[in-house]
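The values are calculated or read from the model by the stated rules, or taken from the named source; none is laboratory data. Fair warning: this is a prediction, and the values are worked out from it, not measured in the lab. Counting neighbours? That spans all protein chains shown, and the Cβs are built from the backbone with ideal geometry, glycine included. Protein only, heavy atoms only, side chains kept; ligands, DNA and RNA dropped before computing areas. Shrake-Rupley method; radii C 1.70, N 1.55, O 1.52, S 1.80 Å.
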Amino acid sequence: MSAPKPAALVLDGVRVDLSGVRIVSGIDIAVGPGERVGLIGPNGSGKSTLLRAVYRHLRPHSGGVRYGGADLWRLPPRQAARAIAALPQENHADLELTGYEMAAMGRTPHKGPFAADTDEDRAAIGEALRRTGTEHLAGRAFAGLSGGEKQRVLLARALAQRTPLLVLDEPTNHLDVRHQFELLDLVSASGRTVLAALHDLNLAAAYCHRLYVLDGGRVTAAGTPEEVLTERLVAEVFGVHAQVVANPRTGRPHLILNPAEPSGGGAAPG
Amino acid sequence: MTAPARTAAPAARGRGPVWPGCAGICAVLAAGLVASVCLGAVEVPPGTVLRIIARHLSGGGPGPWTASQDTVVWNLRVPRALLAALVGAGLALAGAATQTLVRNPLADPYVLGLTYGGAVGAVAVLVTGFAPFGPASAGIAAFAGALAAFATVYALAGARRALAPLRLVLSGMAVTYALSGVTSFLVLRADDPGTTNSVLFWLFGSLAEADWGDLGLPAAVLAVVMTVMLAQARPLNALLLGDETATSLGTPPARTRALLFLLIALLTGIMVALAGGIGFIGLVVPHAVRLLTGGDHRRLLPLAALAGAAFLVLVDIAARTALSPQELPVGIVTAVLGAPLFLWLVHARARDTSGL
């Protein structure tokens, strides 16, 4: 199979202003080849804005986004889209598209004007549907699918794009527990280099090699889940009390969360 | 784990083949064109009609039919039927493109202010009698009016960075309301009842002035716009998914939308200039065709144009024959037929998928 070669993504002092307000200020992030890196942080910490600067929806005010040495913002749009596939948090339900047609959209950056679908396109689409277990949804109307089915078809679209990099903005939003695991399992199995914003700290701990913590548009901590997810940090950044235990099955850190009030039997952080 | 790549069967798209529907529409269009040339106040048998057309195409002289039959068929009915087909195709294509432009299936060039821009231009010429280009003045003024409306709406909606769908609709509706007021004012000011009549007839749409000389320009514009839109079919598909997704698929949404808006303005301007304000085709036809083709522009655009052509040819037959010898404005017929058809489509859609 023609698996895309993994490559490194480097964010170098990225700063994004929206209507004169600085949302993201001077962020440095490096994602190694094949690595899955998670962005965590409270609402409004700049996670989505930072990701938008990576998949070229918001041009950084300063700083650079580099992939394999090339400045992503200087590449022609289609060439950049052959390097990075994204799952933004937008959902336009009024589409008259089938599951197959939605997945096939991933081939857009590979096709010039009037170019017909080739065997390579059909193979990429078929493989993406198979990997995401959505072959049976190919003929269904996308608008009529459940939330979990839609998200898997959208992931199929991103995989059909056959990019080395995958950028995901809260991919597990609105999914039930089983589908959350399922989707992130599929992302992991794809072997892509991943940069993902995640709300759920335990999912972030379970699926990411490294985490960056964003707060007020800045990186306040970075490292492996074990290094980052401490009681002190969770209290400072999220304002909740966390007890960190090891997941008995995976050995990865697992947070038991409680409100910040010093009530209850837990040892409040000092 | 990697399984060997297998080619997905076409049936996996979830749609039947599109060619039976396509063949059906082509058959209706062909039959409509023939019927349109045969029917009318002067009876001409179909066989004679075909022989007259064949004789003219081969550059021959008079045949065993009267000179008035020859004139009616070749100089009046054939150009009129062809103009109906071209205008219907253009309006349906403009409607389909507008629905993509504003990402809403309930839109047509009216919501962008283009149709009334054209109306103001033409009506101003008819009412004031100011005609620097002779008989072509109303058409030229309509085209200019549509482009002026385009520029106004573009500036109102796109002044800040991106051309967002909602701002486009709101700006377009504002311009439409303002211009429809101007049009009414101009009509009221016309003191000559004959002028008012011709203005009203023009506002409701008419193909009565069709002439061989009128066909070249809309055919060329239609061909150019269709070609450019088909070249952009994949970016247009991407626009349906939202601006962020479109960007991530390598389609710059603002730039693509600006090009699309310009193409719609050209198309609407030329069609309004030739045939006046014919409503409902841009709304109803793409909607109906989408049930058959889905949202993929590579299938939708050509079929919508064909269906629009067939629809307006049939409507024109009805407009000429329903109250014969009196002629109805085609815009009235499209509205009378289009409104119930549209409601039926909305219901069909609601059953079909998750609803509007």
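Computed over region B:229-356, the P(r) tail beyond 25 angstrom holds 37 percent of alpha carbon pairs.
Taking Cα atoms, how many degrees apart are the long axis of helix B:78-101 and the longest axis of chain B, rounded to 10 and kept between 0 and 90? With both axes taken from Cα atoms, the answer is about 20 degrees.
To test your reading of the geometry: what angle, between 0 and 90 degrees and rounded to tens, separates the Cα axis of helix B:137-158 from the longest principal axis of chain B? Tilt relative to chain B: about 20 degrees. So, R0 is 56 Å and r is the distance between the beta-carbons of B:Val34 and A:Ser146; what FRET efficiency does that work out to, to 0.05? Step by step, r from the Cβ atoms, then E = 0.65. To test your reading of the geometry: what angle, between 0 and 90 degrees and rounded to tens, separates the Cα axis of helix B:19-38 from the longest principal axis of chain B? Roughly 10 degrees, rounded to the nearest 10.
As a ratio to 2.2 N^0.38 Å, the alpha-carbon radius of gyration for chain B is 1.05. Mind jotting down the distance between the C-alpha centroids of region B:246-315 and region A:92-165, whole Å? If you average the Cα positions of each part, the centres end up 25 Å apart. What is the distance in Å between the Cα centres of region A:210-264 and region B:17-74? Rounded to whole Å, the Cα centres lie 79 Å apart.
Helical runs (DSSP H, four residues minimum) scored at -39500 (n - 2.57) apiece and divided by the length of chain B put the mean residue ellipticity at 222 nm at -23000 deg cm²/dmol. Packing order of peptides A:51-61, A:182-192, highest average first: A:51-61, A:182-192 (average count of other Cβ atoms within 10 Å over each peptide's residues). In bins 5 Å wide, starting from 0, what share of all Cα pairs of region B:19-78 does each bin hold, as a percent? All Cα pairs, binned at 5 Å, distribute as 4, 18, 28, 19, 12, 9, 6, 3, 0 percent. What separates the Cα centres of region A:43-80 and region B:86-132 is a distance of 39 Å.
Each 20 Å bin from 0 upward holds the following percent of the Cα-Cα pairs of the protein assembly as shown: 18, 42, 27, 11, 2, 0. Rg over Rh for region A:105-255 works out to 1.05, using Cα positions for both radii and the Kirkwood form for Rh.
Cα-based radius of gyration for region A:9-228, normalised by 2.2 N^0.38 Å, reads 1.00. Modelled this way, with points 7 Å down the Cα-to-C-beta line, the labels at B:Ala67 and A:Asn43 are 8.4 nm from one another. Extension gain, B:His56 to B:Arg298, is 83.5 nm, computed as 0.36 nm per intervening residue step minus the present C-alpha separation. Pairwise inverse Cα distances across region B:178-297, averaged and inverted, put the Kirkwood hydrodynamic radius at 17.2 Å. Pairing chain A with chain B buries about 3700 Å² of accessible area. This figure sums both sides and uses a 1.4 Å probe. Using Cβ point charges alone (K and R +1, D and E -1), the dipole size of region B:217-324 about the Cα centre works out to roughly 120 debye.
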